[in-house]
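Peer 1: Structure below; questions to follow.
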Amino acid sequence: MTDFTARTALVTGANSGLGHEAAAQLAELGYGTVIIAARTDEKARAAKKALTARTDSNAFVAIALDNDAPKTVEAAAATLVERGHTIDFLLLNAGIAPTKEISRTANGIESTVAASLVGHHLLTMRLLEAGALEEKARIVIAGSEAARGDVPTFNPIALDAFAAEHFGGDLEAAIDAYFRMDAPATYKPGDTYATVKLFVAWWAAELARRLPAGMTVNAVSPGSTPDTNAIRNAPFFMKRIMVPFFKLMPGMSHSVADGAGRYLEVAGYGDEVTGRFFASKPKKMTGPLTEIRMDHFDDPAAQHALWNVTSKIAGGVGYPART
Ligand SMILES: NC(=O)c1ccc[n+]([C@@H]2O[C@H](COP(=O)([O-])OP(=O)(O)OC[C@H]3O[C@@H](n4cnc5c(N)ncnc54)[C@H](OP(=O)(O)O)[C@@H]3O)[C@@H](O)[C@H]2O)c1
């Protein structure tokens, strides 16, 4: 049996839902240190208290990190480095479900993009630069079945067509407009969520080409998990019709424990499994994890453009491609 006591995990969005559950499962597995990141000190400390009571483990370390506010991400990364943490499993779980109304961060970035992608990019780059990821680190970022394009009301962007129609084919200009939700990009809750989760999968594919050999990064959907706090601000149709329907139909949803377990499953995969997107089988919302191979995920030009825009928006913070 693997001994996890020397291992350290960092989980973002650990005060709620899947992140909270994943943090508990990691402590139960025996991780010696589980760093739980939440948007405020207060939330992180409350999560630590609840997790300690649940697991009877003293592994938890609380830290504040708000992906909407780059300074807090920089400060969290600096604190972790200063305290000498080296991370074996980086779980970039934080995110928001589709909300009725568009919102933007103080920097003018649409909030789903900031919460799921830009803040996580900045955190990962700072940890990499500082050597705070272990040689065999596993990075998992939360994806979604919505990105497949086979879930009703969730349609990811057809980037090439959007860029060709409005930006003379310039993919980076098109992605930049989408990040800011500047016209002609338009906020549509389900489609924006699906698009951001497609971006997440592209980000993982591009980062995989840059990470030192031995480290891996994959996008992983926890699957349809209605019993989190995700849909608190969702539009009426999703909150009152779609999700309750999913809960009633066999195979359309699963427990928070099953959802979080998917992250840990992929963290256990070997060095050769990297840059991929794992989710339920096409047209399914739960069940065994499967690598999703669809043309719109396998788009190196879009992955590269997405990386460049994310690095620029994060303040010029990237990681060099391997030579
Ligand atoms: N539930 C599902 O069916 C499902 C399916 C596929 C994918 N996912 C993905 O799974 C992840 C976790 O979702 P969940 O269902 O567990 O929802 P949840 O219960 O709402 O948890 C989301 C967590 O992310 C945090 N968060 C949101 N915005 C943040 C930001 N800007 N900076 C830092 N933390 C932020 C939240 O903090 P606050 O509590 O402070 O808001 C919360 O801790 C998300 O990425 C979601 O897209 C969920």
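The numbers here are math on the coordinates, done by the rules we state, and not lab data. The structure presented is a predicted model; accordingly, all values stated were derived computationally and were not measured. Please note: Cβ atoms are built from the backbone with ideal geometry, for glycine as well, and neighbour counts cover all protein chains shown.
Peer 1: Order of Arg209, Arg262 from fewest to most other C-beta atoms within 10 Å?
Peer 2: Values: Arg209 15, Arg262 25.
The most exposed by this proxy come first: Arg209, Arg262.
Peer 1: Percent antiparallel among DSSP beta bridges with both residues in the chain, to the nearest 5? Walk me through the numbers on the way to the answer.
Peer 2: Numbers: 4 of 29 bridges.
Of the beta bridges lying entirely in the chain, close to 15 percent run antiparallel.
Peer 1: Taking the Cβ-Cβ separation of Ile241 and Thr40 as r and a Förster radius of 56 Å, what is the calculated FRET efficiency to the nearest 0.05?
Peer 2: Working: r = 33 Å, r/R0 = 0.58.
Calculated transfer efficiency: 0.95.
Peer 1: Please report Tyr187, Tyr193 as a ranked list, fewest other C-beta atoms within 10 angstrom at the top and most at the bottom. Walk me through the numbers on the way to the answer.
Peer 2: Details: Tyr187 17, Tyr193 25.
Starting with the residue having the fewest Cβ neighbours, the order is Tyr187, Tyr193.
Peer 1: On to the next question. Ranking Val309, Val256, Val196 by Cβ neighbours within 10 Å, fewest first, what do you get? Walk me through the intermediate numbers first.
Peer 2: Numbers: Val309 23, Val256 18, Val196 28.
The most exposed by this proxy come first: Val256, Val309, Val196.
Peer 1: A further question follows. Ranked highest first by average number of other Cβ atoms within 10 Å, how do 240-247, 45-52 line up?
Peer 2: Details: 240-247: 14.5, 45-52: 17.9.
In descending order of packing, they fall as 45-52, 240-247.
Peer 1: For Arg83, project a label point 7 Å along Cα to C-beta. Then give me every residue of segment 8-30 with its amide nitrogen under 13 Å of that point.
Peer 2: From segment 8-30, the list is 8-11.
Peer 1: Give me the compactness ratio for the chain, meaning the Cα radius of gyration over 2.2 N^0.38 Å. Could you put the intermediate results ahead of the total?
Peer 2: Numbers: Rg = 18.3 Å, N = 323, 2.2 N^0.38 = 19.8 Å.
Rounded to two decimals, the normalised Rg is 0.93.
Peer 1: Name the GluC sites (Glu not before Pro) in segment 58-115 that are in a loop by DSSP and that have at most 10 other C-beta atoms within 10 Å, would you?
Peer 2: Values: sites: Glu74, Glu82, Glu101, Glu110; in loops: Glu101.
Counting only loop positions with at most 10 other Cβ atoms within 10 Å, the GluC sites (Glu not before Pro) in segment 58-115 are Glu101.
Peer 1: Please report the Cα spread of segment 75-148 along all three principal axes, rounded to whole Å, starting with the longest.
Peer 2: Here the Cα extents, ordered largest to smallest, are 41, 30, 15 Å.
Peer 1: Measure off 7 Å from each Cα along the Cα-to-Cβ vector at Ala6 and Met249, then give the distance between these two points in nanometres to one decimal.
Peer 2: A separation of 4.8 nm, rounded to one decimal place.
Peer 1: Can I ask one more? Could you work out how much longer the chain between His166 and Ala183 gets when fully extended? Use 0.36 nm per residue separation minus the Cα distance between them, nm to one decimal.
Peer 2: On the way: separation 17, 0.36 × 17 = 6.12 nm, distance 0.97 nm.
Extra length from His166 to Ala183 when fully extended: 5.1 nm.
Peer 1: Pull out the extension gain between Ala158 and Lys281, defined as 0.36 nm times the separation in residues minus the alpha carbon to alpha carbon distance; nm, one decimal.
Peer 2: Working: separation 123, 0.36 × 123 = 44.28 nm, distance 2.13 nm.
Value of the extension gain: 42.1 nm.
Peer 1: Using a 10 Å cut-off on Cβ atoms, rank the peptides 28-35, 59-66 from the highest mean neighbour count down. Intermediate values should be presented prior to the final figure.
Peer 2: Numbers: 28-35: 20.0, 59-66: 22.4.
Order by mean packing, descending: 59-66, 28-35.
Peer 1: Now for a separate question. What area, in nm² and to one decimal, does the C-alpha convex hull of segment 188-292 cast on average over all directions? Intermediate values should be presented prior to the final figure.
Peer 2: Working: hull surface 28.3 nm².
Mean shadow area of the hull around the Cα atoms is 7.1 nm².
Peer 1: From the cross-link list Lys136/Lys197; Lys100/Lys284; Lys71/Lys312; Lys247/Lys284; Lys49/Lys71; Lys197/Lys281, which pairs have alpha carbons spaced over 18 Å apart? Before the final figure, lay out the partial values.
Peer 2: Values: Lys136/Lys197 25 Å; Lys100/Lys284 25 Å; Lys71/Lys312 16 Å; Lys247/Lys284 14 Å; Lys49/Lys71 26 Å; Lys197/Lys281 16 Å.
Table pairs above 18 Å Cα-Cα are Lys136/Lys197; Lys100/Lys284; Lys49/Lys71.
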